[in-house]
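Let me begin by presenting the structure, written as structure tokens, before commenting on it.
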Amino acid sequence: MELAGKRILLIVAGGIAAYKTLDLVRRLGEAGASVRAILTRGGAQFVTPLSLAALTGEKVYEDLFSLTDEAEMGHIRLSREADLLVVAPATADLLARMAAGLADDLATTTLLATDKPVLVAPAMNVRMWLHPATQDNMALLARRGVAVIGPDDGAMACNEYGPGRMAEPPAILARIAEMLAPGSAPGSAEARPLAGRRALVTSGPTHEPIDPVRYIANRSSGRQGHAIAAALAAAGADTVLVSGPVTLPAPTGVTLVPVETARDMLAACRAALPADIAVCAAAVADWRVADAAGQKLKKSGDGPPPLDLVENPDILADLAAAGPVRPRLVVGFAAETEQVVAHGEAKRRRKGCDWIVANDVSPATGTFGGTDNTVHLLRADGVESWPAMSKSEVGRRLAAAIAAALAADTPAADTPAAAAVRRA
Ligand code: CTP
């Protein structure tokens, strides 16, 4: 990772994850970056100014009203002399103050005064992260162009499990390098190549009722579909995520339409048209019970009730055949355990979509329920096989491939979907 000569202004807020930030500083130094740190009052409860100063080799800034700090380096200069501001850990409180535009300490004042790109690495209790207040704040910050990494799923210091852990230092470092790569300043055409485009993504399983309390479902977590929606939104697309029941939060900056059944999902997808891009990553139940019972089915003594199954509509095929409102690029998924490319290609032709992302879900890959994926991108002009990578990375690479394909086509401003974005 090459960050030689890059200047990072690191804001460390108060969270147990602050100990990981020290490792991030070390890695940034090894990659050639220089780091200046602002430590909030809360941050100083978790790491000392001395350890940050030792690792950065610089004075650590803490106080907005300190004559020495301001004389040595005013808060405007702190931001002016940086290429990127990184907030790690970003607490619920600091994110709320950023969203509200407060300037009540050195960290928030600097964040409000800066015109440099900002990356936040949230870290907090799972319920604080999932709270609508935090989610609304994140959506607002994303609309203003603040980049986000994490939080990750996992066991937390508070003995709970779920999203809330700060992203790991190597992942934060990789994102910093990406943001500082030539031509990728947030807001630039390179960083938001899908600005003005409209995207539709399906994700998660569907639940098909048997009676008011029972349903047919599958084990889809929604991780891959949600990661794709997040990546498309981060690339600037106005993104609608139609998702079956999952436990994941809606990704930042995405409009979530929650649904239960395949038929609901189809209706929500049709309502989201026109769109430039449709990515169908949902694991839609192939069948539903023909006549779901209105009341709970009771044991009658005559054995189990017969369940008459009928086929569900195929949403991917429906979108691919949507006539004048057909998205310019329709992408489907294929989960295969053998002959991954051949079966995926047959599916691409059968469903009439432009691309298929064929997942290798054989047990050795650990794809099902895991955080990584091994995929082949099948297009009319050939196959691209990607190495195993995280589902987030698959999302980002797919968004980049989609942006490249659309850029070679019509300019964003001329599409019917762009007109819909302008009307909204
Ligand atoms: N799909 C859909 N609506 C359905 C079924 C599938 O939109 N009713 C989409 C999925 O979102 C995915 C692709 O079609 O993009 C998967 O097709 P499917 O035929 O279900 O393939 P597999 O899940 O791979 O199953 P199989 O191999 O049994 O065909």
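Taking the conditions (1) surrounded by 20 or more Cβ atoms within 10 Å (Cβ to Cβ); (2) within 16 Å of the ligand (Cβ to nearest atom) in turn, Ser392 satisfies each one other than (2).
Restrict the check to the stretch 331-338 and report whether at least one residue is more than 8 Å from the ligand (Cβ to nearest atom), within 28 Å of Thr374 (Cα to Cα), modelled with pLDDT under 95 and more than 27 Å from the chain's Cα centre (by Cα). Yes, the stretch 331-338 contains a residue that is more than 8 Å from the ligand (Cβ to nearest atom), within 28 Å of Thr374 (Cα to Cα), modelled with pLDDT under 95 and more than 27 Å from the chain's Cα centre (by Cα).
Here's the yes/no breakdown for (1) within 12 Å of the ligand (Cβ to nearest atom); (2) open to solvent by 40 Å² or more (accessible area, probe 1.4 Å):
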| site | (1), (2) |
| --- | --- |
| Val341 | no, yes |
| Gly352 | yes, no |
| Ala358 | yes, no |
| Ala401 | no, no |
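Residue pairs whose Cβ atoms lie under 7 Å apart, sitting 6 or more positions apart in sequence or on different chains, and linking a residue in the stretch 295-317 that is modelled with pLDDT of 90 or more to a partner that is open to solvent by 100 Å² or more (accessible area, probe 1.4 Å) and more than 16 Å from the ligand (Cβ to nearest atom), are Asp308/Asp291.
Within the stretch 285-294, the only residue that satisfies the criterion of being open to solvent by 100 Å² or more (accessible area, probe 1.4 Å) and under 12 Å from Pro209 (Cβ atoms) is Asp291. Of the residues making up the stretch 359-384, those that are among the hydrophobic types (A, V, I, L, M, F, W, C), free of Cβ contacts under 8 Å to residues at least 24 places away in the same chain and within 18 Å of Ile228 (Cβ to Cβ) number 1. Residue selection: Pro251 fails the criterion of being part of a helix (DSSP H, G or I), away from the ligand (no atom under 14 Å from the Cβ) and of a type outside the set (Gly, Ala, Ser).
The set of residues in the stretch 254-276 that are in a loop (DSSP other than H, G, I, E, B) and within 22 Å of Ala403 (Cβ to Cβ) comprises Val254, Leu273, Pro274, Ala275, Asp276. Residues in the stretch 304-324 that are assigned to a loop (DSSP other than H, G, I, E, B) and of a type outside the set (Gly, Ala, Ser): Pro304, Pro305, Pro306, Leu307, Asp308, Asn312, Pro313, Asp314.
Quick check on the stretch 167-189. Is at least one of its residues part of a strand (DSSP E or B) and surrounded by fewer than 19 Cβ atoms within 10 Å (Cβ to Cβ)? No, the conditions are met nowhere in the stretch 167-189. The condition of being under 16 Å from Gly395 (Cα atoms), open to solvent by 10 Å² or more (accessible area, probe 1.4 Å) and either at pLDDT 95 or above or in contact with a Gly (Cβ under 6 Å, 6 or more places away or on another chain) (or both) holds for only one of Val201, Val213, Val257, Val240, that being Val240.
For the stretch 225-235, the count of residues that are closer than 30 Å to Glu2 by Cβ, part of a loop (DSSP other than H, G, I, E, B) and in the same structural domain as Ala358 (by TED's automatic domain parsing) is at least one. Might you check whether a residue that is modelled with pLDDT of 95 or more, within 12 Å of the ligand (Cβ to nearest atom) and charged (D, E, K, R) occurs anywhere in the stretch 284-292? Yes, the conditions are met somewhere in the stretch 284-292.
The values are calculated or read from the model by the stated rules, or taken from the named source; none is laboratory data. Note that this is a predicted model, so its numbers are computed, not measured. Don't worry about glycine lacking a Cβ; one is built from the backbone with ideal geometry, like all the others, and counts go over all protein chains shown. The protein model used for the area step is the full one, side chains on, heavy atoms only, and it has no ligands, DNA or RNA in it. Shrake-Rupley method; radii C 1.70, N 1.55, O 1.52, S 1.80 Å.
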